[in-house]
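J.: Handing you this structure, nothing more for now.
The values are calculated or read from the model by the stated rules, or taken from the named source; none is laboratory data. None of the values given here were measured: they were computed from a predicted structure. Here the Cβ is made from the backbone with ideal geometry for all residues, glycine too, and neighbour counts use every protein chain on show. Please note that ligands, DNA and RNA were not included when accessible areas were found on the heavy atoms of the full protein model with its side chains. Shrake-Rupley method; radii C 1.70, N 1.55, O 1.52, S 1.80 Å.
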Amino acid sequence: MRDKARVAILISGSGTNMAALLYASRAPACPYEVVLVASNNPDAAGLKLASAEGVATFALSHKGMDRDGHDAAMDAAIRASGADHVALAGYMRILTPGFVRKWEGRMLNIHPSLLPKYKGLHTHQRALDAGDALAGCSVHLVTAELDDGPVLGQCAVAIQPGDTTDTLAARVLIAEHQLYARTLSDYVSREADPDWIVAKVGELALALPETDARPSHGAPGWRVGGEKTGKYFAYVSIHRHGEDAIALLVKTSGADEQAALVDQDPELYYLPKFYAPSGWIAIRLDTGRTDWDHIADWLGRSWRSVAPKRLTKLMDVAAEF
């Protein structure tokens with residue numbers, strides 16, 4: 001079921017990290033493909049390389065545009081490409097908070113230092129000036145704060161006697177090319193990991209009032225309502241009953257809604273064995289493109305369908321404020 005993750009890469013210059021990501025994606029086992037290379041610099045050399053390799057490109061100069069307008073245009077191009085993730089590879093623009101929010105958890109950046117050291121520019125000179133023994137690079141998730149997102153991977157590079165910013169930068173760049181592709185591959189693959197999926201569903205389910213986790217017949221499950229009277233509102237089915245799927249099972253209003261959902265998107269929804277007659281629907285979690293806001297909405301709705309009225313009333317009151 002799972003296809004390769006689709007990645008858009010943003011560049012501003014030569015695009016050597018973009019090239020490293022692109023050529024790594026050509027390996028048959030690589031879990032991602034590059035669907036777009038975009039730039040704020042129409043003359044960026046990396047655009048020519050991408051085009052020669054048959055990758056779609058998009059260029060829009062930021063000159064004469066306000067930051068929000070430019071980011072909106074870049075976002076539109078990325079979405080039109082069908083990308084699931086964004087990789088910043090020498091994209092020399094500070095992104096607006098609105099753009100970052102749209103790609104929260106799905107946008108990565110590579111930075112030429114061992115974060116949290118030396119955020120921003122002139123990283124190699126700062127490492128030399130500090131007398132550090134090691135420099136290096138980091139891949140991190142992008143947040144609204146510059147170079148401040150969670151670090152996903154790092155590679156240290158020894159600083160040698162007599163190093164200049166140029167000699168050090170050249171070795172760090174080699175490390176960047178190795179680290180970025182490996183870290184991106186690991187990150188886009190995580191949603192195929194059943195343990196990661198269960199943990200993510202659990203995080204969302206347990207955020208709802210008075211819920212607890214309890215397996216049922218070997219399947220991870222979540223209940224609401226207390227130890228003795230609790231009722232299940234969600235399960236994760238991991239290839240159960242011979243089904244070739246990892247899916248979230250949640251309650252619907254009944255057969256009509258089940259049929260409408262399957263008809264609406266048969267690649268996402270299906271009728272789970274044994275549970276369907278009781279009004280449950282299965283939502284696939286193994287596509288690599290799970291909309292977790294959508295999953296959170298379904299969990300909340302399923303929770304509400306079985307939660308004690310005192311809890312749903314409290315939720316309704318809270319929603320008014």
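J.: Of the conditions (1) out of contact with any helix residue (DSSP H, G or I) (no Cβ under 6 Å at 6 or more places or on another chain); (2) surrounded by fewer than 21 Cβ atoms within 10 Å (Cβ to Cβ), Leu10 fails just one. Which one is it?
T.: Condition not satisfied by Leu10: (2).
J.: Then there is this: Scan the range 128-162 for residues that are outside any loop (DSSP other than H, G, I, E, B) and among the polar types (S, T, N, Q) and jot them down.
T.: Matches in the range 128-162: Ser138, Gln154.
J.: Kindly provide the set of residues from the range 81-127 that are within 22 Å of Trp292 (Cβ to Cβ), touching a Leu at 6+ places or on another chain (Cβ under 8 Å) and among the small types (Gly, Ala, Ser), ordered by number.
T.: Matches in the range 81-127: Ser81, Ala83, Ala87, Gly105.
J.: Still on this structure: Taking into account only those residues within the range 297-307 that are of a type outside the set (Ser, Thr, Tyr) and open to solvent by 40 Å² or more (accessible area, probe 1.4 Å), which is farthest from Trp196 (Cα to Cα)?
T.: This residue is Arg304.
J.: Separate question: Could you check the range 26-35 and list, in sequence order, the residues that are free of Cβ contacts under 8 Å to residues at least 60 places away in the same chain and under 20 Å from the mean Cα position of the chain (by Cα)?
T.: Passing the criteria: Ala29, Glu33, Val34, Val35.
J.: Keeping to the range 255-296, report how many residues are hydroxyl-bearing (Ser, Thr, Tyr), touching a residue at least 24 places away in the same chain (Cβ under 8 Å) and assigned to a strand (DSSP E or B).
T.: Looking only at that region, the number is 1.
J.: Identify the single condition in (1) at pLDDT 95 or above; (2) open to solvent by less than 40 Å² (accessible area, probe 1.4 Å) that Trp292 does not satisfy, given that it satisfies every other one.
T.: Condition (1) is where Trp292 drops out.
J.: Then there is this: Can you go through Tyr32, Tyr23 and tell me which one is aromatic (Phe, Trp, Tyr), within 19 Å of Arg289 (Cβ to Cβ) and modelled with pLDDT of 95 or more?
T.: The unique qualifying residue is Tyr32.
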